[in-house]
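Working notes, beginning with the structure itself.
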Amino acid sequence: VASHTADDGSDLQDYLQKLFSVLNTEDRSEFPAFLQKFPYVNGGLFADDSPVPTFKAKSRKIIIECGELNWKAINPDIFGSMIQAVIHPDQRGGLGMHYTSVVNIMKVIEPLFLNDLKDELEQAAKNKKKLKALLERIYHLRIFDPACGSGNFLIIAYKELCKLEIKIFKRMYGSQTSFRFESKLQLTQFYGIELDDFAHETAKLSLWLAEHQMNVAFKAVFGATRPTLPLQDGGHIVCGNATRLDWEEVCPKEEDVEIFILGNPPYLGSGMQSALQKADMAFVFEEVKGHKNLDYIAAWFFIGTGYINNTNHKLAFVSTNSICQGEQVAILWPHVFGSDVEIDFVHQSFKWTNNARGNAGVTCVVVGLRKTGERQKRIFVDGVRRFANNINPYLIDARSLFIQKRRSPLSELPAMGYGSKPVDNGNLILLPTEKDDLLKEFPSASKFIKRFTGSHEFINGKSRFCLLIANEQLPDAMNIAPIKRRLEEVSLFRSSSKKKATREKASVSHQFGELRYENKNLIIVPRISSERRHCIPIGFLTKDTVISDLAFGVYDPPSWVFAIICSRIHMTWVRTVAGRLETRIRYSSAICYNTFPFPEITEKQKTQLEQLVFAVLDEREAHSEKTLAELYDPDKMPDGLRKAHHEMDLAVERCYRKKPFTSDEERLEYLFKLYEKMIEAEKKAEAKNA
C-alpha cells in the first residue's frame with residue numbers, strides 16, 4: 001500500500017479490489033508482478049465481490065500504520081470485541097450479541113470436556129496405546145455452538161484441543177523433527193449457527209486464523225506442519241435462526257462421535273423480546289404453559305435437551321441466572337428433567353465481564369447438562385470446585401423440587417399483599433416541598449394526604465406523600481385548585497393509554513389505578529434489596545402510610561412475624577427461589593413468602609420471638625440518625641444490631657429443631673425436605689376434604 005498507491009488515497013480502493021481478486025485467483029499471470037507474490041487463498045474468503053470504501057490520505061495512513069503492527073499473536077476473539085464495539089446498541093441488545101471473553105469460555109469448556117481429556121492424558125502417562133486412543137477420541141469430537149456469534153467458543157475450543165494434541169505427540173515422539181507427522185484435528189469438526197450474517201462470516205474467518213496460528217505452534221515444536229494456504233474446508237457455520245433450524249441437520253449425530261454443545265445464547269427477558277422473538281418462543285414452547293415469562297435463552301436449553309436426550313452428548317451454556325430463579329424454574333426445568341437429562345455442573349452466579357466497550361450488565365451462571373448417570377456432579381463458586389450428590393434447578397446440592405407460586409401461605413403465616421400502584425404519571429404523588437406548599441395555601445387538604453413509600457424510600461429514608469381521596473371526599477377535593485389540576489392531568493394520562501383497563505380508570509382519576517391500601521398498621525417488605533445484606537430490611541409502618549407496588553405489606557401483623565421474614569433461614573430460602581434484578585434480590589410474596597416452609601409454633605415461642613424483635617428495633621432506634629441502607633451495610637452494621645439479629649436468627653431456627661444449623665446448605669436441605677412434606681400433607685388434606 002505504501003509503495004504502490006498515491007499519498008492522497010485516491011487509488012487505494014482500486015488497488016484493494018485488484019488485491020482481493022488476486023487472493024481468489026489461482027492463475028495470477030495476468031496481474032502485475034508485485035501482486036503475483038501474494039498467495040492463493042481459496043476457501044471462498046475472497047470469492048464475493050464485496051464493496052471497498054473510498055480512501056483519503058488519513059484513512060490510507062491508518063491502513064499503513066495497522067499493517068506495521070505485529071499481528072502474529074493476536075487472538076481471533078478480537079473480532080467479537082470489534083463487533084460488539086461497532087454495532088448499534090439497539091441491534092446488539094436485540095440480537096443478544098455480547099461476545100464472551102476467554103476466561104468465561106474456559107468456565108464452559110473445561111468442565112464440559114477439556115478437563116476430562118486432560119485427566120485422560122495424565123492417566124495415559126507415556127503409554128502409546130492409550131495416547132493413540134486419546135487422539136482418536138479427540139478426532140471424533142464435534143463442537144457445536146448454536147449461537148456462535150463471531151465464533152469465540154469454537155476458536156478457543158479448537159486452540160485448546162490443538163494444544164492437547166501437541167502434548168500427546170510430544171509424549172509419544174518427543175520434540176523430534178525427523179519424524180514427519182501433522183495435526184489431524186480438522187475445522188470440519190466444528191459447527192455453529194448464527195443469525196447475523198456479518199458475525200457468521202466472521203466466525204468462519206476466525207476459525208481459519210486460529211487454524212493458521214496453531215499450525216505455526218505445531219511447526220515450532222515439530223519443525224513441520226500442514227500448509228495453511230490455500231484454505232481447506234472450514235467449520236460448518238450456518239447462517240440462520242437457531243430456534244427454527246433442526247439442530248440435527250446442522251450437526252448430524254454419528255456413531256462413535258461425541259458432540260459437545262456449548263455457547264452463550266441471547267438472554268433477553270420476556271419484556272425485552274421483539275415480536276419475532278416472541279414468535280420464536282411460541283414455536284419452540286408450543287405446548288408449555290407460561291412460556292411467555294421465560295427468558296429467550298430458555299429456548300436453547302429446551303432444544304438442546306431434546307438433542308442430547310438418550311445420548312452421551314453433553315451441553316453447557318453461559319446464561320443469565322434468572323432462568324434458575326423465581327417462577328421460570330417451575331416453567332422450564334420440569335421439561336428438562338422430564339427427559340433422561342440432569343445437571344452435570346454449574347458455575348454459580350458471577351458478574352459478566354469482557355474486553356469490549358459496552359459490557360453487558362448482567363449476572364451469569366454456567367449450566368452443564370448430561371445424560372442421567374452416577375458420576376458426581378460439580379458446583380463451582382468463585383472458581384472453587386466442590387462435588388455434589390445432586391444439583392437441582394436452583395443450582396444447589398439438594399433434591400430436585402420445583403417451587404410453584406402460591407396465592408396463600410403454605411405455613412401458618414398471615415397474608416402478604418402487594419402495594420398500591422398510582423398509574424398517574426406522577427400527579428398523585430407529592431414531594432415533601434410540594435406537600436408543604438399545598439398545605440400552606442390549603443390547610444384543609446391535609447385530610448387527602450398520606451405518606452407514600454416503596455422499597456427505595458423506606459430503605460434510604462426518603463419521604464414522599466400521595467393524594468388518597470375517597471369517593472365522598474371528591475367534591476371537596478375538586479374545590480382545591482392544585483388538586484383539581486392534578487386530577488385532570490391523571491385523567492388525560494389514563495385516557496391516552498393503550499391499555500383498556502387504564503383508559504377505564506380515566507373517569508375516576510382521584511383513585512389509584514390499583515389501590516390495595518388498608519387502614520391498618522403493617523409490616524413493609526421491600527421488593528428490591530441488595531444481595532450483600534444479611535437480610536431484607538423490613539419494618540413497621542403506621543396506618544397513615546400507603547405502600548407502593550414496589551413493596552409488599554402484611555397488615556395488622558403479630559409482631560413475631562417480623563422475626564420470621566427478617567431471619568437468616570428465610571433469607572437463605574429467598575436467595576435460592578427469588579428472582580433477581582441484576583444481582584439484587586427481587587422479593588415476591590407468591591414465590592418467596594407464600595412458599596416458605598415454617599412449622600407451627602407455640603405461644604411461648606411467639607412471645608420469645610416478639611421480645612427479640614423489640615430488641616432489634618431498639619438497636620435501630622439507638623442509631624436513628626442512620627438510614628436502613630446504612631444500618632444494614634454488612635461492612636458498617638453496628639455491633640449491637642448485628643448481635644440482636646443473630647439472637648433472633650437462632651430463636652427462629654430453634655422453631656425448626658434444637659440442633660443449630662451449621663451452614664446455609666444444611667438449612668436449604670432441611671427447608672426443601674420440609675417443603676416437600678408440607679406439600680404432601682396439603683394434598684392429602686385437600687383429597688380428604690374433596
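The values are calculated or read from the model by the stated rules, or taken from the named source; none is laboratory data. Fair warning: this is a prediction, and the values are worked out from it, not measured in the lab. Here the Cβ positions follow ideal geometry from the backbone for every residue, glycine too, while neighbour counts run over all protein chains shown. Ligands, DNA and RNA are excluded from the accessible area calculation, which covers all protein heavy atoms including side chains. Shrake-Rupley method; radii C 1.70, N 1.55, O 1.52, S 1.80 Å.
With the contact rule set at Cα under 8 Å and sequence spacing of 6 or more, what percent relative contact order holds for the chain?
Reported as a whole number, the value is 10 percent.
Where the centre of each part is set by its Cα atoms, how far does segment 204-224 sit from segment 231-254, in angstrom?
If we compute the Cα centre of each part, the gap is 24 Å.
Taking the Cα centre of segment 282-359 as origin and charging only Cβ (+1 Lys, Arg; -1 Asp, Glu), how large is the dipole, in debye to the nearest 20? Provide the component values of the computation, followed by the final result.
Working: 5 positive and 7 negative charges, 76 e Å.
The calculated dipole for segment 282-359 is roughly 360 debye.
Given the whole protein assembly as supplied and a 1.4 Å probe, what does the accessible area of Tyr15 come to in Å², nearest 10?
Counting only protein heavy atoms, the figure is 20 Å².
By how many degrees, between 0 and 90 and to the nearest 10, does the Cα long axis of helix 298-308 differ from the longest principal axis of the chain?
With both axes taken from Cα atoms, the answer is about 50 degrees.
Over segment 372-486, with every protein chain in place, what whole percent of the accessible area is carbon and sulfur at 1.4 Å, could you tell me?
Taking all protein chains in place, segment 372-486 shows 48 percent carbon and sulfur surface.
Enumerate the calculated ³J(HN,Hα) couplings along segment 5-14 in order (Karplus 6.51 cos²θ - 1.76 cosθ + 1.60, θ = phi - 60°), each rounded to whole Hz, writing x wherever the residue is Gly or Pro.
My calculation for segment 5-14 gives 10, 6, 4, 7, x, 5, 10, 5, 4, 5 Hz in order.
Remind me, relative contact order of segment 452-589 in percent, using alpha carbon pairs under 8 angstrom and six or more residues apart?
Relative contact order for segment 452-589 comes out at 24 percent.
Using r as the Cβ-Cβ distance of Asn521 and Tyr139, and R0 as 60 Å, what FRET efficiency do you calculate, to the nearest 0.05?
Using R0 = 60 Å, I get an efficiency of 0.25.
Give the angle, between 0 and 90 degrees and rounded to the nearest 10, that separates the Cα long axis of helix 481-495 from the longest principal axis of the Cα atoms of the chain.
Between helix and principal axis, roughly 40 degrees.
Please list the equivalent ellipsoid semi-axes of segment 163-302, computed as the square roots of five times the alpha-carbon gyration tensor eigenvalues, in descending order and whole angstrom. Mind dumping the intermediate values first?
On the way: eigenvalues 327, 49, 32 Å².
So the three semi-axes of segment 163-302 are 40, 16, 13 Å.
Using the heavy atoms of the protein chains alone and a 1.4 angstrom probe, what is the accessible area of the chain per residue in square angstrom?
Ligands and nucleic acids excluded, the figure is 49 Å² per residue.
For Ile237, what residues show an amide H to amide H distance below 5 Å, using hydrogens built from the backbone and excluding near sequence neighbours?
Here Gly192 satisfy the definition.
Restricting to lysines 8 or more places apart or on different chains, can you count the pairs in segment 291-445 with Cα atoms under 20 Å from each other?
Taking segment 291-445 as the scope, the lysine pair count is 4.
For the chain, what does the helix formula give at 222 nm: sum of -39500 (n - 2.57) over DSSP H segments with n ≥ 4, over the residue count, nearest 500 deg cm²/dmol?
Only helices count here, giving -12500 deg cm²/dmol.
Taking the dipole about the Cα centre of the chain, with the C-beta of Lys and Arg at +1 and of Asp and Glu at -1, give me whichever of Ala415, His4, Asn471 is farthest to the positive side.
The listed residue farthest towards the positive side: Ala415.
Pick out, in residue order, every one of the GluC sites (Glu not before Pro) in segment 377-457 that is DSSP loop and has at most 10 other C-beta atoms within 10 Å; say none if there are none.
Glu412
Return the aspartates and glutamates within reach of Lys683: Cα separation strictly under 19 angstrom, same-chain partners fewer than 8 residues apart disregarded; answer none if there are no such residues.
Candidates past the 8-residue exclusion: Glu412, Glu600.
Does segment 1-52 come out rounded, prolate or oblate, given a ≥ b ≥ c as the square roots of the eigenvalues of its C-alpha gyration tensor, rounded meaning a/c under 1.5 and, failing that, prolate meaning a/b above b/c?
Oblate, since a/c reaches 1.5 and b/c is not below a/b.
Which of Asn389, Leu164, Ala125 sits farthest toward the positive end of the charge dipole of the chain, with +1 on the Cβ of Lys and Arg and -1 on the Cβ of Asp and Glu?
Farthest along the dipole direction, towards plus: Asn389.
How large is the accessible surface of Ile429 in square angstrom, using a 1.4 angstrom probe and rounding to the nearest 10?
It works out to around 20 Å².
Check which residues have an amide H placed less than 5 Å from Arg142's amide H, if you skip close sequence neighbours.
Counting only residues 5 or more places away or on other chains, the set is Glu258, Ile259, Phe260.
Spelling out what I want: for every residue of segment 202-207, take phi, set θ = phi - 60°, compute 6.51 cos²θ - 1.76 cosθ + 1.60 (Karplus), and round to whole Hz; glycine and proline get x.
With coefficients 6.51, -1.76 and 1.60, one gets 5, 4, 5, 4, 4, 5 Hz.
What list of ³J(HN,Hα) couplings, whole Hz, do you get for segment 151-161 from phi and the Karplus terms 6.51, -1.76, 1.60, once you set θ to phi - 60° and write x for glycine and proline?
So the Karplus estimates, Gly and Pro as x, are x, 4, 4, 5, 4, 5, 4, 4, 4, 5, 5 Hz.
Starting from the amide H of Leu315, placed 1.01 Å from N in the peptide plane, find each other amide H under 5 Å away whose residue is 5 or more places distant or on another chain.
Those lying under 5 Å, H to H, from Leu315 are Ile261, Leu369.
When the C-alpha atoms of segment 289-406 are aligned to their principal axes, what extent does each axis show, in angstrom, from largest down?
Principal-axis extents of the Cα atoms in segment 289-406, largest first: 41, 34, 30 Å.
How big is the gap, in Å, between the Cα center of segment 426-463 and the Cα center of segment 1-63?
Cα centroid of segment 426-463 versus Cα centroid of segment 1-63: 70 Å apart.
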